[in-house]
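First the structure, in the form of structure tokens, and then the observations on it.
The values are calculated or read from the model by the stated rules, or taken from the named source; none is laboratory data. Since the model is a prediction, treat every value here as computed from it, not as a measurement. Note that each Cβ is placed from the backbone with ideal geometry, even for glycine, and that neighbours are counted across all protein chains shown.
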Amino acid sequence: MTLLLITKLEIPPSVNHRVIINAHGGTLHPDVRKFYEDCHYILLSPETTVYADEIAKARERADFLSVSMWFYLPEAKKPKRKGAYFLCRDLDNMQQLPINSLKSFLSIDDVRIIDIHTYKRPLAANERGYVLVVVRALEEYTHEDPLASILSTGTAATANTIQASIDQALATIESAMGASQSRSKSLGAGPDA
């Protein structure tokens, strides 16, 4: 993996109200437009760590991308109004607008993003929320089984032990089913029993 970008963005507005529908179709909500403009200036600022050469290489190679986002939101014990509070915002609601800004800045189509890691963390109630964003290029894409790391046991002996336990459990179930059928026949039960 090659690091392409590290930055902090503002907390995005809700994606639920990003477009205002009118007689002529739709237009971006002013809050969304402002978010995109703010992101543009932040991404061009010296506070954003940009590896321009690596971005150009990733663009040329058509690398897949991995995006990680940490949403730090102020905590409110009993929020009375909607806003950028920890318990008022869904994690999945906050992903799309920052990704759109990154796509525009990197000039890489967001269909190339194959990994998205998002986290939501609380801040003190008086702190201002932000999003920490890290973008990496994946030079090699490996087709891996997502359950392999969860189900892996480390050794062939352990895997054999687990398989033997499964086989024994299945044999016990089959034996119990056979005994159940022979019991029902000996009690004179009909086929509907």
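Hey, does region 78-96 have a residue that's among the hydrophobic types (A, V, I, L, M, F, W, C) and closer than 30 Å to Glu140 by Cα?
Looking only at region 78-96, we keep the residues that are among the hydrophobic types (A, V, I, L, M, F, W, C), and these are 84, 86-88, 91, 94.
Next, only the ones that are closer than 30 Å to Glu140 by Cα stay: 91, 94.
Checked against the condition, which is being among the hydrophobic types (A, V, I, L, M, F, W, C) and closer than 30 Å to Glu140 by Cα, region 78-96 yields at least one hit.
Can you tell me which residue within region 63-77, out of those that are of a type in the set (A, V, I, L, M, F, W, C) and at pLDDT 90 or above, is farthest from Leu138 (Cα to Cα)? Write out each step before concluding.
First, the residues of region 63-77 that are of a type in the set (A, V, I, L, M, F, W, C): 64-65, 67, 69-71, 73, 76.
Okay, now just the ones that are also at pLDDT 90 or above, so 64-65, 67, 69-71.
On the way: Phe64: 5, Leu65: 6, Val67: 10, Met69: 17, Trp70: 20, Phe71: 23 Å.
Applying the filter and picking the extreme gives Phe71.
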Task: Entirely in region 1-93, the strands (runs of 3 or more DSSP E) that have 2 or more residues that are more than 20 Å from Ser107 (Cβ to Cβ) - done: 19-22, 25-28, 64-74
Task: Among the residues listed as Ala52, Ala23, Ala58, the single one being at pLDDT 90 or above, of a type in the set (Gly, Ala, Ser), loosely packed, with under 13 Cβ neighbours inside 10 Å and more than 19 Å from Gly129 (Cα to Cα) - done: Ala52
Task: Whichever residue in region 133-185 is among the basic types (Lys, Arg) and modelled with pLDDT under 70 and, among such residues, is farthest from Gln95 (Cα to Cα) - done: Lys185
TODO: Name, by its number, the condition in (1) on the phi < 0 side of the Ramachandran plot; (2) surrounded by fewer than 10 Cβ atoms within 10 Å (Cβ to Cβ); (3) modelled with pLDDT of 90 or more that does not hold for Tyr130.
DONE: (2)
- [ ] Identify the single condition in (1) among the β-branched types (Val, Ile, Thr); (2) in contact (Cβ under 8 Å) with a residue 40 or more places away in the chain; (3) farther than 22 Å from Arg128 by Cβ; (4) surrounded by fewer than 16 Cβ atoms within 10 Å (Cβ to Cβ) that Ile113 does not satisfy, given that it satisfies every other one.
- [x] (4)
